[in-house]
Amino acid sequence: MGLLQEQVDGVDWKYAWLKACEGFCKEHRNTPRVAPHVCTFLRSISIAECFEPIETPTEASKTMFHVKKVFNSVWVEFLKMEKPVELYHEILSSLNTDIIPYMGNPKLLIDFLVDSYDIGGVTSLLALNSLFILITKFNLDYPSFYAKLYRMLSPDLYHCSYTARFIKMLETFLKSPLLPAYLVASFIKKLSRDLLQAPSHVTLMIMKLITNLIKLHPSTKRLLHRGKNHAPADSDPFDPNEKDPAKTHAIDSSLWEIEILLQHFCPDVTQTAGTLRKPTDNVLIGLNLHKDYASLYKEYVKMWSKDPPLEFNQPKTFDASPYSHVFSF
C-alpha cells in the first residue's frame, strides 16, 4: 500500500486508479471480503487539491475536473457493494465528514442513505446526520424524515454506545423554528415517557434536551403549565403506541413524568427536573454528553468521601456507673 500511495500522488495517476477501482467495484459487487481493502484504498486517495481555486485553466485543471467526476461515481459503486456490518457502520459514521464535502453531486448518495435509514436500529441512527445534510444543504425532499425519526425513539436506544450522539443530533434536527408545535410536542412527550426507563446519565441528557426544546419552541410550554393535577394513568390523551407524530395528541397532554422524576434517587436528576418545571430564561443549556455511570459515581464518591464528624476532645475515662447493671454478671 505504501508503494501504491506513492504512485497515486499525481492527478493523472489518481484519475487512472479511481477509474480502475470503479470497474473493480462493479465486477466484485457481491464479494464482501474485498470491500474493506477497496475502502482502505479509496480513503488513501486525497482529492483536496482538486478543489483549490484555479487562476488559469490548464491540462491539469481539466484532469482535476475528471478526477472529481470519477470520485463521485467510484464511491457510488463502492457503496453498492456487499460489506461487513462493521465496515457499513464505519462508512455511515464518517460519510458526512470524509466523503460528502468532496462530492460534486452528493445527491448521488440518496438511495444509499434512504435505504440505510429504513433498516432501523444503529444503522438508521448512523445514517441520520448525512441524510439531514442532504435535506438542509442540498434541498432533498424527504417528507417522512421526522416521522421515521420519531419511530426510532425507544428505551432500548438509550442503552447503546451511540446514545449521546443521537441526542445531540436530535437537538440539531428539532431546532428549526419552522417546525409545527404538534410535531415538537410529540417528540418532547415521547422523550419524557422514555425518561422513566432510561439510565440516570441518559435521563440527565434527555431532560436538558427537553428544556432546550421548550425554550426554542415557546408554544410547547403548555405541556408544563397544565399543572400537577393532570391524571397520568386515566386521562392522558397522549398515545405512546401511535407511530405518526401528527396523531399522538401530545399537544393536549402534560409532562407529568417530570413530577415522578422529582423523587428520583439521583440528586442531579431531581435538581434538573426542578429546573425543567420552571425554566427561567431562554438561554440553552449544555447537554453534558460526556457523562456516564462511571463519571456520576466518581462525582458522588468525591462528594461523600469526607471524614465523618468525631468528638474533638478524646475522653480520658469512661463513667460506667449509669450502665453498671449491664456489666454485672
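Sub-8 Å Cβ pairs linking a first residue in region 236-247 that is closer than 13 Å to S154 by Cα and open to solvent by 50 Å² or more (accessible area, probe 1.4 Å) to a second residue that is among the aromatic types (F, W, Y) and not in a loop (DSSP other than H, G, I, E, B), at least 6 apart or interchain, are K243/Y150, ordered by first then second residue.
In region 266-281, the residues that are on the phi < 0 side of the Ramachandran plot and part of a loop (DSSP other than H, G, I, E, B) reach residues that are at pLDDT 80 or above and not hydroxyl-bearing (S, T, Y) with C-beta atoms within less than 7 angstrom, at least six apart or across chains, in these pairs: P279/I214; P279/K215. On the stretch given as region 77-116, residues that are under 18 Å from K26 (Cβ atoms) and not in a helix (DSSP H, G or I) total 4. Of note, F65 satisfies the criterion of being modelled with pLDDT under 75, within 21 Å of L109 (Cα to Cα), open to solvent by 60 Å² or more (accessible area, probe 1.4 Å) and not in a loop (DSSP other than H, G, I, E, B).
Residues of region 159-169 that are open to solvent by less than 20 Å² (accessible area, probe 1.4 Å) and without any contact (Cβ under 8 Å) to a residue 60 or more places away in the chain: T163, F166, M169. Kindly indicate whether K221 is under 19 Å from I260 (Cα atoms), open to solvent by 10 Å² or more (accessible area, probe 1.4 Å), more than 15 Å from the chain's Cα centre (by Cα) and modelled with pLDDT under 90. In short, yes.
Summed over region 138-158, residues that are more than 23 Å from H201 (Cα to Cα) and either open to solvent by 50 Å² or more (accessible area, probe 1.4 Å) or touching a strand residue (DSSP E or B) at 6+ places or on another chain (Cβ under 6 Å) (or both) total 4.
Can S124 be described as in a helix (DSSP H, G or I), of a type in the set (S, T, Y) and farther than 28 Å from A16 by Cα? In short, yes.
When T203, T172 are screened for being surrounded by fewer than 21 Cβ atoms within 10 Å (Cβ to Cβ) and touching a residue at least 40 places away in the same chain (Cβ under 8 Å), only T172 passes. From the residues in region 113-137 that are touching a Lys or Arg at 6+ places or on another chain (Cβ under 8 Å) and surrounded by 14 or more Cβ atoms within 10 Å (Cβ to Cβ), which one is nearest to V74 (Cα to Cα)? So, considering only residues that are touching a Lys or Arg at 6+ places or on another chain (Cβ under 8 Å) and surrounded by 14 or more Cβ atoms within 10 Å (Cβ to Cβ), the one nearest to V74 (Cα to Cα) is L134.
The values are calculated or read from the model by the stated rules, or taken from the named source; none is laboratory data. Source: prediction; values computed, not measured. Glycine gets a Cβ as well: all are built from the backbone with ideal geometry, and neighbour counts include every protein chain shown. Remember, those area values only see protein heavy atoms, side chains included, never the ligands or the DNA or RNA. Shrake-Rupley method; radii C 1.70, N 1.55, O 1.52, S 1.80 Å.
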